[in-house]
Amino acid sequence: MSSAKCKKTDIERIVAEKGKRGDFSPRQSDHCHNFYELIYMLSGECRFLLNDSVYRLVRGDLILAAPGDLHHALYETSTCEIMVVYFKKDYIDWNLLKKLLPQPGSRQFHSFMGSIPPLYQEEFLSLAGRMLSESAGIDEYSETFMSCYLHELLLTLMRHSVMAEEEPELLNSRDADILIATKYIYRNYQKPLTLDEVAAQAALSPTYFSRKFKQVTGMGFKEYLNFVRLKHAQTALLTTSGTITDIALENGFNDSNYFKDLFKKVYGKSPREYRKNAV
């Protein structure tokens with residue numbers, strides 16, 4: 001996992017929310033929690049950056065970000081409607097689920113991306129509706145109902161093979177070639193990468209790769225590469241004492257002035273100001 005800092009937000013109970021999300025900048029910093037975050041797509045489309053992979057979610061898809069995993073979503077339009085459930089590891093009765101978990105004795109879920117089969121989406125939406133109602137805290141029974149519904153939700157995902165103890169990219173990826181490309185970029189961002197080199201890793205022609213990469217990630221190849229480099233440089237500014245020039249060079253920028261200009265354009269402050277204000 002990257003060394004970027006987790007947000008200090010916390011939850012005191014199981015929480016379910018529903019709402020519409022509009023566009024927001026892909027340059028927003030990644031974040032993580034000390035609790036699980038499950039996002040279910042009710043309508044619209046979004047791209048979800050989870051650790052070193054990008055996923056495209058449409059109606060019926062869901063994604064689980066486990067505690068400590070870096071993530072953020074890029075919503076396509078204001079008509080994108082989602083449901084989010086937040087819960088902690090401690091809220092799960094592992095003894096209840098232990099016989100059903102892929103790995104006996106496991107007391108955690110890994111991040112995953114999956115889809116609710118169309119035949120069962122109505123059933124899942126009914127459960128989601130009940131969770132949303134009780135999340136408002138109707139009475140003293142609401143907390144217990146939320147616990148029951150959370151376990152029903154997890155069992156439903158297990159029953160329909162949506163949840164698995166595997167790496168996210170192995171599950172329902174419509175864009176495996178682009179996932180290969182984004183992982184390659186994350187692992188080699190410090191090198192002078194070219195579009196042709198990354199396209200070859202994805203086994204696509206440069207022209208088709210460029211078009212598909214933009215479609216899936218919402219960013220052009222160069223913009224995405226700079227996005228990844230800036231994220232790592234941002235972390236280095238907060239966690240190391242390296243000079244601005246050294247940080248630029250160590251994170252793939254061969255021109256420190258270009259790095260400074262791009263950093264200020266994205267974050268609204270120069271690297272020096274950003275580091276000073278963060279102390």
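Observations on the structure shown:
- Residues that are touching a residue at least 24 places away in the same chain (Cβ under 8 Å) and surrounded by fewer than 20 Cβ atoms within 10 Å (Cβ to Cβ), drawn from the range 203-215: Ala203, Leu204, Lys212
- Count of the range 228-247 residues which are touching a residue at least 24 places away in the same chain (Cβ under 8 Å) and not basic (Lys, Arg): 11
- Which numbered condition Pro192 misses (of (1) outside any helix (DSSP H, G or I); (2) farther than 19 Å from Leu74 by Cα; (3) under 24 Å from the mean Cα position of the chain (by Cα)): (3)
- Residue within the range 205-217 that is in contact with a Pro (Cβ under 9 Å, 6 or more places away or on another chain) and farther than 16 Å from Arg187 by Cβ present: yes
- Pairs with Cβ under 7 Å, 6+ apart, first in the range 87-103 and farther than 25 Å from Glu17 by Cα, second at pLDDT below 85: Lys98/Pro104; Leu100/Met158; Pro102/Ala164; Pro102/Glu165; Gln103/Glu165
Conditions (1) part of a helix (DSSP H, G or I); (2) over 22 Å from the mean Cα position of the chain (by Cα); (3) more than 26 Å from His31 (Cα to Cα), marked per residue:
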site: Glu197; (1), (2), (3): yes, yes, yes
site: Ala200; (1), (2), (3): yes, yes, yes
site: Tyr208; (1), (2), (3): yes, yes, yes
site: Phe227; (1), (2), (3): yes, no, no
site: Gln234; (1), (2), (3): yes, no, no
site: Ser241; (1), (2), (3): no, yes, no
site: Leu249; (1), (2), (3): yes, yes, no
site: Lys264; (1), (2), (3): yes, yes, no
site: Lys269; (1), (2), (3): no, yes, no
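- Condition check for Leu42: closer than 23 Å to Lys183 by Cα, touching an Asp or Glu at 6+ places or on another chain (Cβ under 8 Å) and at pLDDT 75 or above: no
- One residue alone among Glu250, Glu273 is more than 30 Å from Glu45 (Cα to Cα) and in contact (Cβ under 8 Å) with a residue 60 or more places away in the chain, and that residue is Glu250.
The values are calculated or read from the model by the stated rules, or taken from the named source; none is laboratory data. In this text, all values refer to a predicted model and were calculated from it rather than measured experimentally. A quick note on method: Cβ atoms are made from the backbone with ideal geometry, for glycine too, and the neighbour counts reach across all protein chains shown.
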